[in-house]
1. Tally the residues that are in contact (Cβ under 8 Å) with a residue 24 or more places away in the chain, aliphatic (A, V, I, L, M) and more than 22 Å from Ala113 (Cα to Cα), restricting the search to region 48-67.
2. How about region 49-71: which of its residues are closer than 22 Å to Val24 by Cβ, open to solvent by less than 30 Å² (accessible area, probe 1.4 Å) and part of a loop (DSSP other than H, G, I, E, B)?
3. In region 71-101, how many residues are of a type in the set (Asp, Glu) and modelled with pLDDT of 95 or more?
4. Tell me, please, whether a residue that is at pLDDT 95 or above and in contact with a helix residue (DSSP H, G or I) (Cβ under 9 Å, 6 or more places away or on another chain) can be found in region 53-64.
5. So, in region 92-117, exactly how many residues are in contact with a Ser or Thr (Cβ under 9 Å, 6 or more places away or on another chain) and of a type in the set (A, V, I, L, M)?
6. Those residues that are farther than 23 Å from Asp104 by Cα and either open to solvent by 30 Å² or more (accessible area, probe 1.4 Å) or assigned to a helix (DSSP H, G or I) (or both), I need them from region 79-93; list them, please.
7. Give region 94-106 a look and list any residue that's open to solvent by 60 Å² or more (accessible area, probe 1.4 Å) and in a helix (DSSP H, G or I), or say none.
8. Which residues, taken from region 73-117, are in contact (Cβ under 8 Å) with a residue 40 or more places away in the chain and of a type in the set (D, E, K, R)?
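The values are calculated or read from the model by the stated rules, or taken from the named source; none is laboratory data. Just so we're clear, the structure is a prediction, and the values are computed from it rather than from any experiment. Backbone-built Cβ (ideal geometry, glycine too); neighbour counts: all protein chains shown. We work out accessible area using only protein heavy atoms, side chains counted, and drop any ligands, DNA or RNA first. Shrake-Rupley method; radii C 1.70, N 1.55, O 1.52, S 1.80 Å.
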Amino acid sequence: MPVVTIEALPQDPQRVEAMLAGVVAAVVDALSTVPENVWAHFVPMQAVYEQGRLNDSQGYHPIVTVLANPRPDAVVARGLEAVAAAVVRELGCPADKVWVHWVDLPPGRVFSAGQVR
């Protein structure tokens, strides 16, 4: 079950909803899974300090973390690109401003649905 967390400066609620739906759809397509298996969360940042200054809504890097079971490198790359494209599309920021990283969760390292998986 991939869990995607998008951290970005506060956004319009409709934009957040569209972004979360777009990210879930992108992960579903890239990983050949179903929407019920993908969770997505938006965490608003209060402020962003990068490159020696506070950045505004156009100059910062949204940070996206994908927590998921280990997969082949090609599948992970497809998932990273799909998530980044969805964030770019919905936030309207350039692709070079989006930071996405994938964290493999090996078996036995996650508690979900009432049990260690």
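1. 3
2. The answer is Pro62, and nothing else.
3. Looking only at region 71-101, we keep the residues that are of a type in the set (Asp, Glu), and these are 73, 81, 90, 96.
The next check asks that each one be modelled with pLDDT of 95 or more; those that pass are 73, 81.
Here the count works out to 2.
4. Yes, the conditions are met somewhere in region 53-64.
5. So the count comes out to 2.
6. Taking region 79-93 first, the residues farther than 23 Å from Asp104 by Cα are 88-93.
Listed by number, the residues that qualify are Val88, Arg89, Glu90, Leu91, Gly92.
7. If the condition is that a residue be open to solvent by 60 Å² or more (accessible area, probe 1.4 Å) and in a helix (DSSP H, G or I), then Ala95, Asp96 are the ones that fit.
8. Listed by number, the residues that qualify are Arg78, Glu81, Arg89, Glu90.
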